[in-house]
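Below you'll find the structure, written out as structure tokens, and then a few comments.
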Amino acid sequence: MDEHSNEHYKVDYDLILAGGGLANSLIAWRLRSERPELRILVLEQGKRLGGNHTWSFHDSDLDPAQLRWIAPLVTHRWPRYDVVFPDLARTLAGGYASIAALDLAHVVEPALGATLRTGVWIDDVTPTSVRLADGETLRARAVIDGRGMRTSSHLALGYQTFLGQELRLDAAHGLSAPVIMDASVPQQGGYRFVYLLPFGPDRVLVEDTHYVDSAAWEPERLRANIAAYVAARGWRVRDMLREEQGSLPIVLAGDFDGFWDELQGQPSVGLRAGLFHPTTGYSLPHAVRLAERIAALPELSAPTLFAAIRAQARHAWDEQRFFRMLNRMLFLAGSPDHRWRVMQRFYGLPAPLIARFYAGCPTLGDKVRLLTGKPPVPVMEAFDAVRKTHPYQIRTAE
């Protein structure tokens with residue numbers, strides 16, 4: 001028996017997924033469907049998969065086959081969405097959908113069965129082992145770390161901080177489509193907008209969102225903002241069904257190789273691997289593509305997984321260079337209270353361009369269109385922001 005076979009029999013599992021967030025949940029679900037012979041284990045600290053989050057995406061972010069296989073997870077789907085700015089209100093056609101963590105858990109947890117352990121605290125992770133807080137050590141041919149964003153001096157970041165409340169109202173809210181940005185609200189020192197997802201005639205998620213320079217934020221201020229917005233719309237709240245909050249990284253510049261070298265061969269996914277849209281923070285399309293790639297790998301050793309995930313992240317990083325430049329213009333040029341002007345101009349552009357932007361695949365013509373015309377930020381400040389391509393030219397990650 002060769003060394004590889006000996007190692008195979010020493011391990012407890014073929015694959016352990018540390019953390020039950022979106023990316024690891026999709027990987028596990030895909031593997032259980034496509035390769036049920038694999039011995040996998042998902043470890044989640046909380047009571048259920050997915051935590052307390054809502055993930056949204058545009059239909060144009062995914063191909064038809066991908067839309068079909070994630071369809072059982074979708075909480076609600078709409079054929080269009082609205083945006084509102086001080087000088088622009090617009091409805092854009094195109095499918096938009098959301099997945100609530102509870103619905104993800106209701107579908108994925110039964111499929112995983114005994115391969116899922118919840119309420120488990122992880123003390124340490126290596127490429128081939130997980131040590132739990134109670135001292136138990138689990139071994140696998142590979143471990144994927146999906147426990148959220150990690151700090152790194154190799155990235156310069158802005159932040160999208162948000163707090164959302166899912167509300168049941170006393171009467172119908174009157175919304176026929178999501179409002180993915182209502183930036184007609186006071187800006188409060190950054191690009192602020194309210195995000196609305198109508199899940200039923202009297203049920204709506206109201207999220208107060210800010211593009212700001214620091215990950216620090218004040219939940220009570222955001223709760224007060226939501227209360228004021230709801231009152232201004234004339235809505236009366238019967239119940240608050242749940243509350244979610246978070247801070248998503250917005251990448252301004254970075255050293256990809258330095259960021260990945262820090263992982264020292266540890267396969268990682270989601271925010272931890274930098275797999276998200278650099279401007280919007282949307283991560284579901286990246287998670288779907290990665291789940292498909294991992295399920296198709298002929299073998300799932302730690303080195304193979306690390307190389308495959310890094311290659312996918314490298315491709316995304318190279319494709320996102322233009323977005324990082326736009327992020328620097330948004331965060332580094334002009335007054336923070338005037339960042340909405342950049343987004344208002346963007347949403348005045350042709351709908352197919354906007355769809356390609358969200359999907360992360362703008363054409364050369366799209367890029368020219370985005371950069372020409374009357375600039376919404378001071379020209380010299382924009383030039384200065386564009387040239388700051390290294391993290392040390394901006395700031396270290398907070």
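In the chain, taking the dipole from charged Cβ atoms about the Cα centre, the farthest positive-side position among T279, A172, S268 is held by A172.
In this simple spin-label model, placing a label point 7 Å from the Cα along the Cα-to-Cβ direction at both L38 and A114 gives a separation of 2.0 nm.
About the centre of its Cα atoms, region 321-393 shows a dipole size close to 140 debye [charges on the beta carbon of Lys, Arg (+1) and Asp, Glu (-1) only; nearest 20 debye].
Largest accessible area first, the residues W121, W260 order themselves as W121, W260 under a 1.4 Å probe with ligands, DNA and RNA left out.
Compare G246, G146, G21 in a GNM of the chain, Cα atoms joined below 10 Å, and give the one with the largest fluctuation. So, out of G246, G146, G21, the one fluctuating most is G246. Can you spot the aspartates and glutamates whose alpha carbon is less than 14 Å from K10's alpha carbon? Ignore those fewer than 8 places along the same chain. The reachable aspartates and glutamates, counting only those whose Cα sits under 14 Å from K10, are D2. Here D124 sits with roughly 60 square angstrom of accessible surface, probe radius 1.4 Å. Since only L197, W29, S335 are under comparison, the one whose Cα sits farthest along the positive direction of the charge dipole of the chain, derived from C-beta charges on Lys, Arg, Asp and Glu, is S335. Couplings for region 141-151, taken from phi via the Karplus curve 6.51 cos²θ - 1.76 cosθ + 1.60 with θ = phi - 60°, read 5, 7, 10, 9, 9, x, 9, x, 4, 10, 6 Hz in order; Gly and Pro are left as x. Ordering T118, L370, H315 by Cα displacement along the dipole of the chain toward the positive end leaves L370 in first place; charges were set at the Cβ atoms of Lys, Arg (+1) and Asp, Glu (-1). About the centre of its Cα atoms, the chain shows a dipole size close to 1020 debye [charges on the beta carbon of Lys, Arg (+1) and Asp, Glu (-1) only; nearest 20 debye].
Proximity of backbone amide H atoms, modeled 1.01 Å from N, is registered between T389 and no other residue at under 5 Å, excluding neighbours fewer than 5 places apart on the same chain. Residue ranking by accessible heavy-atom surface, 1.4 Å probe, largest first, among M181, M240 comes out as M240, M181.
If you find the alpha carbon centre of region 100-135 and of region 275-324, how far apart are they in angstrom? With region 100-135 and region 275-324 each reduced to a Cα centre, they are spaced 21 Å. Listed by chain and number, the lysines whose C-alpha is less than 23 Å from the C-alpha of K367, apart from same-chain residues fewer than 8 away, are K388.
So which residue, out of A316, A65, A105, gets the largest mean-square fluctuation from a GNM of the chain using Cα contacts under 10 Å as springs? Among A316, A65, A105, the largest GNM mean-square fluctuation belongs to A65.
Surface composition of the chain: carbon plus sulfur atoms contribute 53% of the solvent-accessible area (1.4 Å probe, protein chains only, all chains present). Measuring nothing but how far apart in sequence close Cα pairs (under 8 Å, 6+ apart) lie, relative to its length, region 321-393 scores a relative contact order of 54 percent.
Taken about its Cα centre, region 26-125 carries a charge dipole of about 280 debye when Lys and Arg each add +1 at the Cβ and Asp and Glu each add -1 at the Cβ.
The values are calculated or read from the model by the stated rules, or taken from the named source; none is laboratory data. What you are looking at is a predicted structure, and each value in this text was computed from that prediction instead of being measured. Ideal geometry is used to build each Cβ from the backbone, glycine not excepted, and the neighbour counts take in all protein chains shown. Surface accessibility is based on the protein's heavy atoms, side chains included, excluding ligands, DNA and RNA. Shrake-Rupley method; radii C 1.70, N 1.55, O 1.52, S 1.80 Å.
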